[in-house]
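Asks: My questions will all concern the structure given below.
The values are calculated or read from the model by the stated rules, or taken from the named source; none is laboratory data. Note that the structure is a prediction, hence the values are computed from the model and not measured. For neighbour counting, all protein chains shown are included, and Cβ atoms are generated from backbone atoms with ideal geometry for every residue, glycine included.
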Amino acid sequence: MGHISKSEVEKVADLARLDLTEAEKSLFGGQLSQILDYVDQLQTVSTEGVSLTSSVAEIQSEWREDVVVPGLTVEQALANAPESNQGLFVVPKILGK
């Protein structure tokens, strides 16, 4: 793996909660390195005189009136929740091990 080390792949996988095999770590490390190589290649292209754009296609935002509409009741929002407590969603703890 060029730019991306195995330990960096493992760190990103851990942050994303991915359990990767050794083969996947090697594969993804190589793919990420190729992406970084391509970004390095793009950095060498002169963009002097090129106007800034946020999109390659001309897009105009569609505007509409901001109209207040009724929302869900607490009961409706929690109707399909696997678990709730005192009007709140109960979700698994993800921080800390």
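Asks: Just the residues that are within 26 Å of the chain's Cα centre (by Cα), assigned to a loop (DSSP other than H, G, I, E, B), of a type outside the set (S, T, N, Q) and loosely packed, with under 10 Cβ neighbours inside 10 Å, please, taken from segment 41-82.
Replies: L52, V56, A57, E58, I59, E62, P82
Asks: Let me spell it out: the conditions are (1) at positive phi; (2) within 19 Å of the chain's Cα centre (by Cα), and L20 meets all of them except one. Which number is the exception?
Replies: (1)
Asks: Pairs needed: first member in segment 24-36, closer than 10 Å to H3 by Cβ and part of a helix (DSSP H, G or I); second member anywhere, of a type in the set (S, T, N, Q) and at pLDDT below 95; C-beta distance under 8 Å; at least 6 residues apart or different chains.
Replies: G29/S5
Asks: Among the residues of segment 28-52, how many are under 30 Å from G96 (Cβ atoms) and aliphatic (A, V, I, L, M)? Before the answer, list the steps.
Replies: Of all residues in segment 28-52, those under 30 Å from G96 (Cβ atoms) come to 28-29, 32.
When the remaining residues are screened for being aliphatic (A, V, I, L, M), the result is 32.
Looking only at that region, the number is 1.
Asks: If D37 satisfies all but one of (1) surrounded by 10 or more Cβ atoms within 10 Å (Cβ to Cβ); (2) under 30 Å from L95 (Cβ atoms), what's the number of the condition it fails?
Replies: Against the list (1) surrounded by 10 or more Cβ atoms within 10 Å (Cβ to Cβ); (2) under 30 Å from L95 (Cβ atoms), D37 comes up short only on (2).
Asks: Select from segment 45-77 the residues that are under 30 Å from L15 (Cβ atoms) and either at pLDDT 90 or above or in contact with a helix residue (DSSP H, G or I) (Cβ under 7 Å, 6 or more places away or on another chain) (or both) and list them in ascending order.
Replies: Filtering segment 45-77 for residues under 30 Å from L15 (Cβ atoms) gives 54-55, 77.
Within segment 45-77, A77 is the sole residue that qualifies.
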